[in-house]
Every structure is written in C-alpha cells, then in structure tokens.
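Here the structure comes first, spelled out in structure tokens, and everything after it is commentary.
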Amino acid sequence: MSLVDSVRRLIVPIHKEGYPFIAIGIVSMLVLGSLWRPFGWLAVIITIWICYFFRDPARATPQRDGLVVSPADGRVS
C-alpha cells in the first residue's frame with residue numbers, strides 16, 4: 001500500500017454543495033491573514049470547521065425488516 005492510498009482512505013469526501021462555502025472560507029482566510037495574523041488563524045479554524053460540516057462519508061444503511069432509520073447521524077428514540 002502506498003502513502004497516497006493511505007491518505008485517500010483517511011480523508012472523507014466533501015459534499016459538492018460545500019465547495020462554495022469552503023472557497024469563501026479560503027478567500028477570507030487569505031484576506032484576514034494579510035490584515036492581521038490572528039484574524040487569519042481564526043479564519044483557518046472556521047474554514048476547517050466548514051470542511052468538517054460538509055463531509056460526506058460513506059454510510060451503510062441496515063436492510064432488516066422492522067427498522068426505523070434516522071435521516072441523520074444518531075438514534076431514533
């Protein structure tokens with residue numbers, strides 16, 4: 001196994017609707033970082049959170065009879 005394959009398995013894909021928000025985060029990171037470095041670091045943290053928010057991991061939905069499946073991560077109680 002190569003290093004590239006290991007990294008690809010680690011990185012969760014991003015949903016396509018998240019790319020404009022990530023681009024806005026990157027631009028704000030560059031602009032705010034050029035104005036004052038602490039603002040740039042704050043924008044880095046916010047951009048990382050945006051990437052985390054729009055992640056699209058592969059999910060396995062159970063296919064047994066009598067199950068109620070939650071539309072989001074979590075449990076239906």
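The values are calculated or read from the model by the stated rules, or taken from the named source; none is laboratory data. These numbers were taken from a predicted model, which means no experiment stands behind them. Virtual Cβ from ideal backbone geometry, glycine too; neighbours counted across all protein chains shown. We work out accessible area using only protein heavy atoms, side chains counted, and drop any ligands, DNA or RNA first. Shrake-Rupley method; radii C 1.70, N 1.55, O 1.52, S 1.80 Å.
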| request: Compare Leu30, Leu67, Leu42 in a GNM of the chain, Cα atoms joined below 10 Å, and give the one with the largest fluctuation. | output: Leu67
| query | When the accessible area of the chain is split by element with a 1.4 Å probe, what percent falls to carbon and sulfur? | reply | 67 percent
| request: First select every other residue whose beta carbon is under 13 angstrom from the beta carbon of Tyr19; then total the charges, Lys and Arg +1, Asp and Glu -1. | output: 0
| query | Relative contact order, percent, of segment 11-50 when contacts are C-alpha pairs under 8 Å separated by at least 6 residues? | reply | 38 percent
| query | So how many Å³ per residue does the convex hull of the Cα atoms of segment 16-77 work out to? | reply | 89 Å³
| request: List the relative contact order of the chain as a percent without decimals, with contacts defined as Cα pairs under 8 Å and 6+ residues apart. | output: 29 percent
| message | If DNA, RNA and ligands are ignored and the probe is 1.4 Å, what is the ranking of Asp65, Asp5 by accessible area, most exposed first? | response | Asp65, Asp5
| query | What's the longest piece of the chain with no exposed trypsin sites (Lys or Arg not before Pro), counting a site as exposed if DSSP puts it in a loop and it has at most 12 other beta carbons within 10 Å? | reply | 1-58
